[in-house]
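Quick notes on the structure that follows.
The values are calculated or read from the model by the stated rules, or taken from the named source; none is laboratory data. What you see is a predicted model, and the numbers here were worked out from it, not measured in a lab. FYI the Cβ positions are ideal-geometry reconstructions off the backbone, even for glycines, and counts take in every protein chain you see. Areas reflect the complete protein model, heavy atoms only, side chains present, ligands, DNA and RNA absent. Shrake-Rupley method; radii C 1.70, N 1.55, O 1.52, S 1.80 Å.
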Amino acid sequence: MTVAYISHADCGRHDTGWQHPEHVGRLRAIPRALRHDVELFQALEHLEARHASAEELALAHAPAYIEQVRALAAQGGGRLDGDTVASEGSWDAATAACGAVLDGVDRAFREPGARAFAAVRPPGHHALRDRAMGFCLFGNVAIAAHYARQVHGAGRVLIVDWDVHHGNGTQALVEDEPAIRFVSMHQWPWYPGTGAADDRGPHRSIWNVPLPGGLPPDRYVEALSRAIDQATAAWVPDLVLISAGFDSLRGDPLGGFTLELEHVDALTRQLVQRAEAWCAGRLVSALEGGYDPDRLGAACLTHLRALG
Ligand SMILES: [Zn+2]
């Protein structure tokens, strides 16, 4: 089984400036780390993503907002939110980021068990239907979940988000569709302030796991596993999507969780095993946060190895 590594050079054209934590150096750290593992590099199928279309983005976003982002980039960029900026290349970057996840979904339904990691930026899990938020322009993973249902006829989609921040955007974009279940583990209290355990969404299809920072790492792994168990009790998904935020690792400048690489390995293997049991191994993972570039590169390698 070949794991696909899907990315696009345009993801580097979302220019936030080097002072911004979500800078282009994050993404560059991944191929840099891969160069030190020739065996893994050669085992991966390297794919260049397509750009998602405006129609595909509209699976989860308001057309007026999609046009606002496109127009802002065409004008040379500007500010979208207190901490979210767009540059001239941001439309191409954001559509490539989403397209990479959609390509992973296409591949998962074409070849049983074909897993993929979308190494992309900007991230997506804070983006709301009609506005950017928290470094995110479009909800890449939420769009991919709706896309899998509409284009590939997936009955049920499970999204697991282990980024240290609550995936408030993903929740907002999927909570009205009970066939998509969302499990998010995140630091609490922390940005963006949402994601209480009793916030289950209108169809009780959301499992939020808020936890304090600084716990022993096994506590996070156990809590997330338990929530996945609850979300999938007598409910078998046809596709598993991961919002892989590596800001949940110990030492991240924007988070206080304590995961080490061994926990990234364990969480990834656990979801691969579950996907094998549930849905012929269909699993697509997409990069979200992770703000220590070297640590991010190492985590992505661990994640890629465990996906294989
Ligand atoms: Zn994050």
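For the reader, a short list of remarks on this structure follows.
- Square roots of five times the Cα gyration tensor eigenvalues for the stretch 56-155, Å: 25, 13, 11
- Cβ-defined net charge surrounding residue 8, 12 Å radius [Lys, Arg +1; Asp, Glu -1]: -1
- Within the stretch 201-258, the trypsin sites (Lys or Arg not before Pro) that combine a DSSP coil assignment with at most 15 other C-beta atoms in a 10 angstrom radius are 204.
- Accessible surface of the stretch 194-281, 1.4 Å probe: 51 percent of it comes from carbon and sulfur atoms.
- Net charge, residue 162 excluded, C-beta distance under 10 Å - Lys, Arg +1, Asp, Glu -1: -4
- Per residue solvent-accessible surface (Å²) - the stretch 100-246, probe of 1.4 Å: 31
- Placing a pseudo-label 7 Å from each Cα along the Cα-to-Cβ vector at residue 280 and residue 83 gives an inter-label distance of 4.1 nm.
- When only alpha carbons are used to place a centre, the stretch 142-197 and the stretch 208-281 end up 13 Å from one another.
- Semi-axes of the equivalent ellipsoid for the chain, Cα gyration tensor, largest first, Å: 24, 22, 21
- Once each of the GluC sites (Glu not before Pro) sitting in a DSSP loop with at most 16 other beta-carbon atoms within 10 Å is removed, the chain keeps 89-259 as its longest stretch.
- One decimal place: the segment residue 219-residue 150 gains 21.2 nm when fully extended, by the rule 0.36 nm per residue minus the C-alpha distance.
- Modelled label positions at residue 74 and residue 260, each set 7 Å beyond Cα in the direction of Cβ, lie 5.2 nm from each other.
- Net length gained if the chain between residue 43 and residue 198 were fully extended (0.36 nm per residue, minus Cα distance): 51.5 nm
- The portion of the accessible surface of the stretch 1-45 made up by carbon and sulfur, rounded to a whole percent, is 51 (1.4 Å probe; DNA, RNA and ligands excluded).
- Once C-alpha pairs closer than 8 Å and six or more residues apart are averaged by separation and normalised to the residue number of the chain, the relative contact order reads 20 percent.
- Cβ-placed point charges (K, R +1; D, E -1), dipole of the chain about Cα centre in debye, nearest 20: 280
- Each residue of the stretch 229-240 was assigned a 3J(HN,Hα) from its phi angle through the Karplus expression (A = 6.51, B = -1.76, C = 1.60, θ = phi - 60°), giving 4, 5, 5, 10, 5, 6, 8, 9, x, 9, 7, 10 Hz with x at Gly and Pro.
- Charge dipole of the stretch 144-269 about the Cα centre (unit charges at C-beta), most positive-ward option of 211, 150, 164: 150
- Relative packing of peptides 4-17, 227-240 - highest average C-beta neighbours within 10 Å first: 4-17, 227-240
- Segment residue 67-residue 129, length gained on full extension (0.36 nm per residue, minus Cα span): 21.1 nm
- Label-to-label distance for residue 269 and residue 226 is 2.3 nm, based on points extended 7 Å past Cα in the beta-carbon direction.
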